[in-house]
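Visitor: There's a structure below that I have some questions on.
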Ligand code: SF4
């Protein structure tokens with residue numbers, strides 16, 4: 001009977017000894033140090049661990065499903081964990097037509113999110129009302145909450161959603177730790193009636 005062999009080229013006994021390790025350059029080994037800013041380190045951690053809250057009301061939400069699925073895989077950006085509790089999430093992704101009746105709900109969800117929080121308006125409807133220039137549709141979510149990034153398209157392809165997501169990551173990574181306590185940010189929220 002033919003013997004089963006998984007490795008037809010058996011490892012030579014002296015292979016390990018014959019591999020030479022490259023020495024680290026001087027100054028790159030030992031305890032060492034590096035210089036950076038605290039805000040950069042915090043920004044790096046935040047941008048690669050965003051927890052999205054999908055607020056999907058219509059067709060753009062289907063594109064988001066594709067963005068989360070295996071082919072596009074938003075998890076590659078550290079956002080595997082999609083949350084449906086505003087208190088746990090820091091990235092509100094609004095996808096779809098927002099009726100005026102829905103606007104207070106969207107605002108309530110935003111208010112329940114803890115700072116720091118970011119918002120993406122995905123698609124024409126969330127950004128501007130889209131084709132629904134009617135009495136019943138909110139003409140852009142930035143009428144009720146501040147928006148950080150707008151993703152164009154009707155619907156935007158998953159690549160566009162990923163691009164918008166990476167734009168938010170850039171903002172998050174570069175944001176000063178003092179921004180949320182700044183006068184400008186307070187003034188921005190006050191224009192929305194948020195204390
Ligand atoms: S932007 Fe287009 S695809 Fe997206 S929710 Fe509006 S109508 Fe649907």
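The values are calculated or read from the model by the stated rules, or taken from the named source; none is laboratory data. What you see is a predicted model; the values in this text were computed from it and never measured. Here Cβ is always computed from backbone atoms with ideal geometry, including for glycine, and neighbour counts include all displayed protein chains.
Visitor: Can you name every residue in the stretch 52-65 that is more than 12 Å from the ligand (Cβ to nearest atom) and either over 20 Å from residue 88 (Cβ atoms) or part of a helix (DSSP H, G or I) (or both)?
Guide: 65, the sole residue that qualifies.
Visitor: Turning to a different aspect of this structure: Consider residue 124 carefully, then state whether it is under 17 Å from residue 77 (Cα atoms), in contact with a helix residue (DSSP H, G or I) (Cβ under 9 Å, 6 or more places away or on another chain) and free of Cβ contacts under 8 Å to residues at least 40 places away in the same chain. Don't jump to the end; show me each part of the working.
Guide: Numbers: under 17 Å from residue 77 (Cα atoms): no; in contact with a helix residue (DSSP H, G or I) (Cβ under 9 Å, 6 or more places away or on another chain): yes; free of Cβ contacts under 8 Å to residues at least 40 places away in the same chain: yes.
Answer is no for this residue.
Visitor: Could you list, in sequence order, all residues of the stretch 41-58 that are over 17 Å from residue 106 (Cβ atoms) and in contact (Cβ under 8 Å) with a residue 12 or more places away in the chain?
Guide: Passing the criteria: 42, 43, 44, 46, 47, 48, 49, 50, 51.
Visitor: Look through the stretch 100-136, keep the residues that are outside any helix (DSSP H, G or I) and in contact with a strand residue (DSSP E or B) (Cβ under 6 Å, 6 or more places away or on another chain), and return whichever of them is surrounded by the fewest Cβ atoms within 10 Å (Cβ to Cβ).
Guide: Restricting attention to the stretch 100-136, the residues satisfying the condition of being outside any helix (DSSP H, G or I) are 100-102, 113-122, 129-136.
Cutting the leftovers down to in contact with a strand residue (DSSP E or B) (Cβ under 6 Å, 6 or more places away or on another chain) gives us 118-122, 129, 136.
Details: 118: 23, 119: 23, 120: 25, 121: 26, 122: 31, 129: 18, 136: 10.
Checked the stretch 100-136; the qualifying residue surrounded by the fewest Cβ atoms within 10 Å (Cβ to Cβ) is 136.
Visitor: So, in the stretch 74-97, exactly how many residues are surrounded by 15 or more Cβ atoms within 10 Å (Cβ to Cβ) and out of contact with any strand residue (DSSP E or B) (no Cβ under 7 Å at 6 or more places or on another chain)?
Guide: 3
Visitor: Please determine whether any residue of the stretch 161-181 is within 16 Å of the ligand (Cβ to nearest atom) and over 19 Å from the mean Cα position of the chain (by Cα).
Guide: no
Visitor: Can you tell me which of 137, 147 is at pLDDT 95 or above and under 30 Å from residue 75 (Cβ atoms)? Break it down stepwise before answering.
Guide: Numbers: 137 fails: under 30 Å from residue 75 (Cβ atoms).
Going through 137, 147 in turn, just one is at pLDDT 95 or above and under 30 Å from residue 75 (Cβ atoms): 147.
Visitor: With respect to residue 93, is the statement that it is under 26 Å from residue 72 (Cα atoms), assigned to a strand (DSSP E or B) and at pLDDT 95 or above true?
Guide: Details: under 26 Å from residue 72 (Cα atoms): yes; assigned to a strand (DSSP E or B): yes; at pLDDT 95 or above: yes.
Yes: the conditions hold for residue 93.
Visitor: Further question: Could you check how many residues of the stretch 130-152 are within 24 Å of residue 90 (Cα to Cα) and in contact (Cβ under 8 Å) with a residue 24 or more places away in the chain?
Guide: Result for the stretch 130-152: 12.
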